[in-house]
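Visitor: Below is a structure I'd like to ask you about.
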Amino acid sequence: MKQAVLKKPGLVEIREVAAPREIKANEILLKIHRVGVCGSDVHMYYGKHPFANTYPMIQGHEYGGEVIAVGADVTLLKPGMKATARPHLVCGVCPACKRGQYNVCQDLKVEGCAGPEGSAQEYFIIPEDRAVLIPDTMTYDQAAMIEPAAVGAHSTRRAGDLHDKNVVVTGAGTIGNLVAQFAIARGAKKVMITDLVDSKLEKAKVCGIRHTANLAKESFSDATKRVFGEEGFQVAFEAVGAQSALTEVIGGVENGGTVVIIGVYVQNPVVNMGFLGEHELNVIGSMMYRHEDYLEAIDLVDKGVIKTSPLITQYFSLDQYHDAYKFIEANADQAIKVIITVP
Ligand SMILES: [Zn+2]
Ligand SMILES: [Zn+2]
């Protein structure tokens, strides 16, 4: 079978390897159909991911595949069904794991990032405990979007009750868009999403996010006044991973408000801790997702509450993996979700 290997920063090679090993009793063999290229994959491609820096690496943690075979003990899935799986490998015994917060396991590894290989290959073996069934009504494209959608499910759960709250989401890429859609689904009053690129804000509108602000054309404070008026905003999700976005939401959120950190900071940002203390702000981390977030994401994507199709901007085949990165490099403004098709 074929697999795409990120041999070192800047170099993806396609290689031919033996068919996958025999599956164990609790395992499932998937024929991979779609793999999403994630922002963190791009950071890894450039050798700039703050924690995922293992090479060579077979990437791919967002995917949809068809069940080819299941082990003797597997009850969740049968051959012919569609499936994906959570990519995290956890120890199960550390304090976080024992509390059920295995997404922050002290020994967390992520398939295709800082862990064993990911799904950028024709066949991939997943264990039943991390697998999720994708209903027949969903496409493989949608299956590959469940991982980023689960980030939206988890981070908006972290923020607490969003009913009647005004919300800002910084960054209208895949994650920001999905976070904003989840904030709306969870009953937020008004949700404003920001970016510097009009086409991404147009996609946000297509996905039902009505309030947008292009911060290349309008200041953050003008935008929040225009959208929220005197009410201001009570919750922000920082999905850019940049100093300027973080400074704006911490400076702009209402006193006593909440800022959820989602972005990956290539540069460690500076935060005015005195301001944070005096205004009694809550700054909350959000790390990936847990199983229930996958299940909720599947449910809401299947019902059409969360829209993923408008986010897919390009397709490349597995053989063109390197071209996909080159395309993203040359067209960072236009590429939102690039999907790898695996024939
Ligand atoms: Zn991802
Ligand atoms: Zn653990």
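The values are calculated or read from the model by the stated rules, or taken from the named source; none is laboratory data. Remember, predicted model here, so these are calculated numbers, not experimental data. No Cβ is skipped: glycine too gets one built from the backbone with ideal geometry, and neighbour counts run over all protein chains shown. Please note that ligands, DNA and RNA were not included when accessible areas were found on the heavy atoms of the full protein model with its side chains. Shrake-Rupley method; radii C 1.70, N 1.55, O 1.52, S 1.80 Å.
Visitor: Out of the stretch 72-102, which residues are open to solvent by 10 Å² or more (accessible area, probe 1.4 Å), away from ligand 2 (no atom under 16 Å from the Cβ) and not charged (D, E, K, R)?
Guide: Ala72, Val74, Thr75, Leu76, Pro79, Gly80, Met81
Visitor: Among the numbered criteria (1) over 25 Å from His33 (Cα atoms); (2) within 15 Å of ligand 1 (Cβ to nearest atom); (3) open to solvent by less than 10 Å² (accessible area, probe 1.4 Å), which single criterion is violated by Thr156?
Guide: Going through the list (1) over 25 Å from His33 (Cα atoms); (2) within 15 Å of ligand 1 (Cβ to nearest atom); (3) open to solvent by less than 10 Å² (accessible area, probe 1.4 Å), Thr156 breaks only (2).
Visitor: Could you please find all residues in the stretch 192-214 being in contact with a strand residue (DSSP E or B) (Cβ under 7 Å, 6 or more places away or on another chain) and free of Cβ contacts under 8 Å to residues at least 24 places away in the same chain?
Guide: Leu196, Asp198, Lys205, His211, Ala213, Asn214
Visitor: Within the stretch 106-137, track down each residue that is open to solvent by less than 20 Å² (accessible area, probe 1.4 Å), more than 14 Å from ligand 1 (Cβ to nearest atom) and in contact with a Gly (Cβ under 8 Å, 6 or more places away or on another chain).
Guide: Gln121, Phe124, Ile134
Visitor: Kindly indicate whether Gly36 is surrounded by 14 or more Cβ atoms within 10 Å (Cβ to Cβ) and within 15 Å of ligand 1 (Cβ to nearest atom).
Guide: Yes.
Visitor: Additional query: Within 28 Å of Ala4 (Cα to Cα) and surrounded by fewer than 20 Cβ atoms within 10 Å (Cβ to Cβ): does that describe Asp198?
Guide: no
Visitor: Next question. Among the residues of the stretch 39-67, write down those that are closer than 14 Å to Lys337 by Cα, touching a Gly at 6+ places or on another chain (Cβ under 8 Å) and open to solvent by 10 Å² or more (accessible area, probe 1.4 Å).
Guide: If the condition is that a residue be closer than 14 Å to Lys337 by Cα, touching a Gly at 6+ places or on another chain (Cβ under 8 Å) and open to solvent by 10 Å² or more (accessible area, probe 1.4 Å), then Gly39 is the only one that fits.
Visitor: List, please: which pairs have Cβ atoms under 6 Å, are six or more places apart or on different chains, and start with a residue in the stretch 318-337 that is charged (D, E, K, R) and end with one that is part of a strand (DSSP E or B) and surrounded by fewer than 17 Cβ atoms within 10 Å (Cβ to Cβ)?
Guide: Matching pairs, first to second residue: Asp319/Ile14.
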